[in-house]
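The values are calculated or read from the model by the stated rules, or taken from the named source; none is laboratory data. These figures come from a predicted structure and were not determined experimentally. In this analysis, Cβ positions are derived from the backbone assuming ideal geometry, glycine residues included, and neighbour counts consider all displayed protein chains. Areas reflect the complete protein model, heavy atoms only, side chains present, ligands, DNA and RNA absent. Shrake-Rupley method; radii C 1.70, N 1.55, O 1.52, S 1.80 Å.
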Amino acid sequence: MENLFTMPKKIIVLGSLFLLFSCAQDELLNDDSLKATPRTFIEKWSSDKLNVFKGPKVAVGNDSVRSWISVRKDTGLPNEIGIEMSPGALTGLPDYAPGVEGPTIVLPLHIKAKQLTPFKHIVLNWQNHGHGGGPTNTEFNSPHFDFHFYTISNEERLAIPDWCSCPADAAFNIYPPTTTSTTNSPVTITTGGYMPLGYATPPGQGAVYGQMGKHWLPIPFNYLPFTKVMVYGTYDGKIVFVEPMVTREYLSANPDFSAAYSQPKLFEKAGNYPSRYNIYRDSKTGNIKITLSDFLARAATPY
């Protein structure tokens with residue numbers, strides 16, 4: 001198995017600033033295209049029509065986790081990219097004391113994944129005590145995993161500094177264009193451009209963490225009580241990750257989920273970008289998969 005690449009675990013706290021969202025935001029994500037659908041109802045490509053490329057196994061819990069990508073044989077385009085967890089990876093996980101930081105686990109990608117998608121590596125964080133965030137800063141306290149799909153290299157991610165109340169911090173609050181501040185709450189809510197519609201973040205140090213970036217939650221909070229949610233991350237004017245957060249309880253309960261997530265209107269770089277995230281158990285292997293799929297070819301559009 002591949003050795004772990006580690007760094008101190010960072011706790012995501014989006015905080016209680018989101019308490020003041022008005023009911024006007026309730027309409028932002030009520031598009032039928034964003035409704036959840038059981039994975040079994042989503043069209044699947046049979047294995048004989050796909051090539052599968054896997055990253056190295058990395059030890060997690062009592063077993064292992066690895067990255068993988070499936071590619072269509074007829075077109076050579078990506079079909080699905082994600083993480084495969086053996087059932088044993090959900091057991092024997094470290095029980096860190098509150099406030100004690102565990103490792104961040106880097107899952108290297110197969111070269112095919114880097115060639116065909118925007119992603120450069122995947123990072124996994126086990127949060128055995130959860131972390132703050134949401135309207136009351138307690139919604140994400142249940143044990144869960146943070147799965148970061150990074151569009152920057154591991155070296156670039158590690159170079160993102162901790163917050164230090166210094167000039168370098170300005171990069172955390174340079175957002176991809178265009179966003180605007182609401183008039184009824186102390187948050188920034190995205191309005192399009194290079195950011196997806198209906199995501200929000202607090203100003204300043206809020207939701208900022210070194211070796212990660214600034215975190216954005218979807219609004220309204222119709223995914224609470226929390227079992228899973230798709231988070232975006234930015235740094236220095238660019239989207240640097242998308243992050244499914246999923247509770248261990250949900251992963252252990254024979255999941256069968258697929259949903260579209262909000263997309264930017266414009267893309268700085270051309271490429272194949274996913275538009276759905278999926279959490280399901282592979283019926284053949286029993287392994288759990290957390291994936292991104294339904295890739296769309298996007299053209300580079302200057303803003």
Cut-off 9 Å between beta-carbons: net charge of the residues surrounding Lys120, Lys and Arg +1, Asp and Glu -1: +1
Could you sort Glu139, Glu249 by their accessible area in this structure, using a 1.4 Å probe and putting the largest first? Glu249, Glu139
The simple spin-label model distance between Lys265 and Glu155, using points 7 Å out along Cα→Cβ, in nm, is 3.7 nm
FRET E, pair Lys114, Lys49, Förster distance 25 Å, beta-carbon r, rounded to 0.05: 0.65
Plugging the Cβ-Cβ distance of Thr301 and Ser275 into 1/(1 + (r/R0)^6) at R0 = 25 Å yields, to the nearest 0.05, a FRET efficiency of 0.90
Report the normalised scattering of region 249-300 as log10 I(q)/I(0) at q = 0.13 Å⁻¹, calculated by the Debye formula with identical scatterers on the alpha carbons. -0.41
With respect to the cross-link table entries Lys214/Lys265; Lys214/Lys284; Lys57/Lys265, which display a Cα-Cα separation exceeding 26 Å? Lys214/Lys284; Lys57/Lys265
Out of the trypsin sites (Lys or Arg not before Pro) in region 219-269, which ones are loop residues according to DSSP with at most 13 other C-beta atoms within 10 Å? Lys269
Ignoring everything but the protein chains, give the 1.4 Å probe accessible area of Arg66 in square angstrom, nearest 10. 50 Å²
What is the sum of charges around Met195, taking Lys and Arg as +1, Asp and Glu as -1, for the other residues whose C-beta is under 13 Å from the C-beta of Met195? +2
Base-10 log of normalised Debye intensity for region 61-157 (one unit scatterer per alpha-carbon) at q = 0.21 Å⁻¹: -1.10
